[in-house]
1. Please give the residues of the stretch 191-219, grouped as numeric ranges, whose backbone N is less than 12 Å from a label point set 7 Å along the Cα-to-Cβ vector of residue 237.
2. Can you pull the percent of the stretch 127-215's accessible area that's carbon plus sulfur, 1.4 Å probe, other chains left in place?
3. Based on the mean of other beta carbon atoms within 10 Å per residue, what is the order of 265-275, 175-185, 213-223, most packed first?
4. At 0.36 nm per residue, minus the direct Cα-Cα distance, what do residue 280 and residue 114 gain on full extension? Give it in nm, one decimal, please.
5. Hey, can you rank 191-203, 161-173 by average C-beta count inside 10 Å, highest first?
6. Could you check the simple spin-label distance between residue 140 and residue 176, using points 7 Å along Cα→Cβ, in nm with one decimal?
Amino acid sequence: MKTTALTGVLVMLLGAMGCTSSNPYFDGGDDDGAADRADGEVPIGPDADADADVRTDADADADADADADADADADADADADGGGCPAPQVLCGTGCLDVSSDTANCGSCGNACAAGESCNAGVCNGTNPCDPGYVFCDRACRDVSSDPRHCGGCGVRCDDLQYCVDGSCACRPGFADCAGTCVVTTADPDNCGGCGSACADVCVDGSCLAPGACTATECGGACVDTDTDVRHCGTCNHACPTDQLCVGGDCVSYRPVIGCTACADCGPCTGGRMCCDVTSYGVICLDVSACP
């Protein structure tokens with residue numbers, strides 16, 4: 001009788017210990033644990049710790065993936081807008097600055113005014129009137145964040161295959177930087193499908209194909225659209241300069257719009273130009289009768 005009673009007491013005590021969350025080997029106390037128990041899978045002992053570590057690692061991986069997705073989305077948004085800084089700010093180091101009024105970066109990154117001087121329209125102690133954010137260059141107010149003739153500062157001209165984004169020259173949209181040269185990997189026979197991938201025939205949409213496979217215009221092994229290609233605008237080897245786009249086979253001038261970020265909010269462009277919102281270039285005044 002005493003043995004039976006003691007056995008019963010021990011069973012009750014062990015049962016109580018096995019059903020409390022204070023037991024370090026008990027995998028319970030949350031919804032996931034309840035779901036595991038419902039499925040008949042209740043890991044205990046060292047295996048429970050291993051499973052917990054796996055779940056922790058999985059959560060960390062999920063967080064990392066979410067962060068990576070967020071970064072990719074941010075990069076995509078930046079690309080769609082043409083850059084990471086709000087116009088007309090310029091990227092100086094890791095920060096977006098207003099070089100029209102910053103005395104430590106007046107008119108361009110790193111150009112500091114002397115002690116006691118002010119920075120007006122990007123000129124130390126300048127007196128020329130410009131809208132906030134714009135720099136006085138070459139007798140006019142300029143957006144040095146996106147003007148390819150005054151990129152990041154007065155008189156800084158980008159190469160023909162470049163444009164200006166955040167105040168720095170970069171390869172035009174659709175171009176890739178291959179060892180310091182801006183190329184179109186979908187058509188360049190020396191970089192067909194990727195930098196350094198040479199094609200002895202014709203590069204068509206990034207693939208090296210036999211002669212005759214190009215249904216557009218072949219220019220020296222490159223299959224191109226002469227209506228829009230700034231290297232072959234209208235005809236082979238007719239390149240547009242940095243401040244022009246190829247529209248309908250013609251090189252047409254463009255200027256960054258001053259004082260607004262949407263055509264609906266802008267005043268009329270001067271010189272008969274039309275306000276157009278062009279992918280990656282943003283809102284520009286374009287010398288056309290209809291936006292592309």
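1. Label zone hits: 219.
2. Accessible surface attributable to carbon and sulfur in the stretch 127-215 totals 48 percent.
3. For the peptides 265-275, 175-185, 213-223, the packing ranking is 213-223, 175-185, 265-275.
4. That works out to 56.1 nm of additional length.
5. 161-173, 191-203
6. 3.6
The values are calculated or read from the model by the stated rules, or taken from the named source; none is laboratory data. Here the structure is a predicted model, which is why all the values come from computation and not from measurement. Note that we place each Cβ from the backbone using ideal geometry, even for glycine, and neighbour counts take in every protein chain shown. Each accessible area value is taken on the protein alone, full model and side chains, heavy atoms only, with ligands, DNA and RNA left out. Shrake-Rupley method; radii C 1.70, N 1.55, O 1.52, S 1.80 Å.
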